[in-house]
Amino acid sequence: GHEIEANVVVNCAGMWARQFGEKCGVNVPLQAAEHYYLITDAMKEVDPSWPVVEDSSKCVYIRPEGAGLMLGLFERTGAPWMVDGIPQNFNFGEIEPDWDRMGEYLEDAMKRVPLTLEVGAKKFFCGPESFTPDGGPIIGEAPELQNYYVAAGMNSIGILTGGGVGKLLAEWILGKQAPSDIDVTGININRFHSYQRNPSYRENRVGETLGETYKIHYPDHSPHTCRNAKQSVLHDRLKKQNAYFRDVSGWESPAWYAPSGEEPRIHQQHFGKQSFFPYWRDEHIACRENVVLFDMSFMSKFLVTGEDAGRFLNYLSTANVDNECGKITYTQWLNDRGFLEADLTVTKLDETNFLVVATDTMHNHVLNLMKKRVTSKDHIFISDVTGAYTQINIQGPNSRNLLQSITSHDLTTFPFRSAAEIDIGYGRCLCTRITYVGELGYELFIPNEFAQHIYDKIVADGNSFGLKHAGLRALGSLRLEKGYRDYGHDIDNTDTILECGLGFTCDFDKDDGFVGEKSVLAQKKIAKQNGGFKKRMVQVLLTDPHHMLHHGEVVWRNGECISDIRSASFGHTLGGAVGLTMLEASVPIKKDYLDAEWTVEIENNHVPCKVSLAPMYDPKNLKIRV
């Protein structure tokens, strides 16, 4: 062959996309799997205008095909194909059907349309289709190579989504960043990690995700394949505490803890209050009233060093992060259009060393945002230290008393947003005073070699303070009661910092400004002319404690459909399910607009709710600064 030079490359090679990407060091962790359909002989009853019909209980879709019907089959567990690589010349090829495995699915499908039992079969086809580890497509600019884009892994809906994907990618390429009218956080290629290209991982995880296609996606479901490979160094200790672990970007992380002597398991998946609800509530209340311990080691952690590190991060950040040493700062990163790209903290360790901490799902996104901004003239080094440190969060009104009992550092002179190295036991770690639950609290970043020792010291001395372990279920309910945002869940690349209520992080007095500052100022100007913002994020609280909120429930104002719940949990302190939603209106969204009849639609019932621009829990932030 011969070389072709191009300024932009789009890898849309279908099931070959992974192998094609590997030629340039790009990770495209899709996997081909068997996919079946049957085409019947002609049936006079068939109308070509019939819609596609799906029966999720039988894993089948049915649609007109020529003069007959096509019965497309999915399975409860998929069958990966050619894990080690697909032959380059396998064009429009077929796979020998596995009649023994597919017999029951085919029989169920034909029973759904009994007339198909009375006609012949023109074709029973098995061919490969590409699927991804999480069931979402792989789209966007590869984090490993600038101007290399991918559009692959459509999970058997490529024809259905092709037009939209093409439009999205064209705008992405021309604008050199993701469009601001489509949330790409769940489809962006940079959500994947390098380990997900592992052949054994692809084979097992894709077999599971393919099988999830027609299953009910329960809110507490977690993948069961490819587990227990990525663990915190505290894993065995947390297991002894009766943790129920879930998959968090590959990490085994506690969702909640069962009482001693009881097996930590979900007895039956459903959308109501699960059997673990009382344990979750106890963890939540313990954090509000006493002190709890979270293992947050899955959080993404980057050490940014060099003479230009402070200037570099300060320009990326809306807040002033290059202030005095020993200070942690909550900030956002924006794109040039003023839309959100990341939500994180930056800790200034000294004049040339900074710690950037972001959520697990945005690991490669945040890393890539930094790498793309670094120039050859910058004296900057970026190191991924996620796996080098164990992160333990001690949170709650009694957290200072507990921590003070095991360190010589004077925590009474350690105000909110402070950061310093402290001694615990025979070890040493970075301690920051910050919270994601709305209480007095501390985050400890512990070198792994000291992590078990320091954890043991905390737990041993914590017993006298009534220390309780808490999981991600409690973290979610605590942070949503406080109205704290989570990028990729309730805020994303379609939102501006002002609409999300995060404008307080903007420092417009910095000498060099920040990325997107001009756009933010323009948004402020327009809002002032309009008398306020017409798009704003609000907190939602159900007044009936018997209902749960999960995600996607429709919000109504005065009988009009107005928005949907972006993320939710149960507010054990507030006394009802709580969530966040983004409102859009033709008038400024202020107190008079919120003074209306609000409901959330749950199981075809309109459940009354309250809405608020300010957090309903501790709106003046008194508890975190005590």
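Bear in mind that the values in this text are calculations on the coordinates, not laboratory data. Everything numeric in this text was worked out from a predicted model, so none of it was measured. Here the Cβ is made from the backbone with ideal geometry for all residues, glycine too, and neighbour counts use every protein chain on show.
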| query | In the chain, what % of DSSP beta bridges are antiparallel (nearest 5)? | reply | 90 percent
| task | Counting other beta carbons within 10 Å of each Cβ, put 626, 578, 356 in order, fewest first. | result | 626, 356, 578
| request: Provide the FRET efficiency to the nearest 0.05 for the residue 4-residue 388 pair, computing r from the beta carbons and using R0 = 30 Å. | output: 0.10
| query | Is the shape of the range 459-549 rounded, prolate or oblate, going by the alpha carbon gyration tensor and its root eigenvalues a ≥ b ≥ c, with a/c under 1.5 for rounded and a/b larger than b/c for prolate? | reply | oblate
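To the nearest 500 deg cm²/dmol, what mean residue ellipticity at 222 nm is calculated for the chain from DSSP H runs of n ≥ 4 alone, each contributing -39,500 (n - 2.57), summed and divided by the residues?
Using -39500 (n - 2.57) per qualifying helix, the result is -6500 deg cm²/dmol.
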| Highest average packing first - 475-483, 232-240, Cβ atoms within 10 Å | 475-483, 232-240
| Cα-based shape type of the range 468-626, given that a ≥ b ≥ c are square roots of the gyration tensor eigenvalues and the cut on a/c is 1.5 | oblate
| Stretch gain in nm, segment residue 325-residue 526, where the contour uses 0.36 nm per residue and the Cα spacing is subtracted | 68.7 nm
| request: List the aspartates and glutamates whose Cα lies under 17 Å from the Cα of residue 518, skipping any in the same chain that are fewer than 8 positions away. | output: 336, 341, 495, 499, 507, 509
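Take each of the peptides 95-107, 210-222, average the number of other beta-carbon atoms within 10 Å over its residues, and list them starting from the highest.
In descending order of packing, they fall as 210-222, 95-107.
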| Quick one: which of 273/327; 273/591; 377/525; 23/215; 23/372 span more than 29 angstrom between C-alpha atoms? | 273/327; 273/591; 377/525; 23/215
| query | By its C-alpha gyration tensor, with a ≥ b ≥ c as the square roots of the eigenvalues, how is the range 389-466 shaped: rounded for a/c under 1.5, else prolate for a/b larger than b/c, else oblate? | reply | rounded
| message | From the alpha carbon gyration tensor of the chain, can you work out the equivalent ellipsoid semi-axes (sqrt of 5 times each eigenvalue) and give them in Å, largest to smallest? | response | 43, 29, 27
| Packing-based exposure ordering (other Cβ within 10 Å, fewest first) of 226, 287 | 226, 287
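Anything over 23 Å Cα to Cα? Flag those among 482/535; 240/457; 534/623; 524/623; 123/167; 176/510, in the order listed.
534/623; 524/623; 123/167; 176/510
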| remark: Between residue 566 and residues 5 or more places away or on another chain, the pairs with built amide H atoms under 5 Å apart involve 552, 580, 581, 582
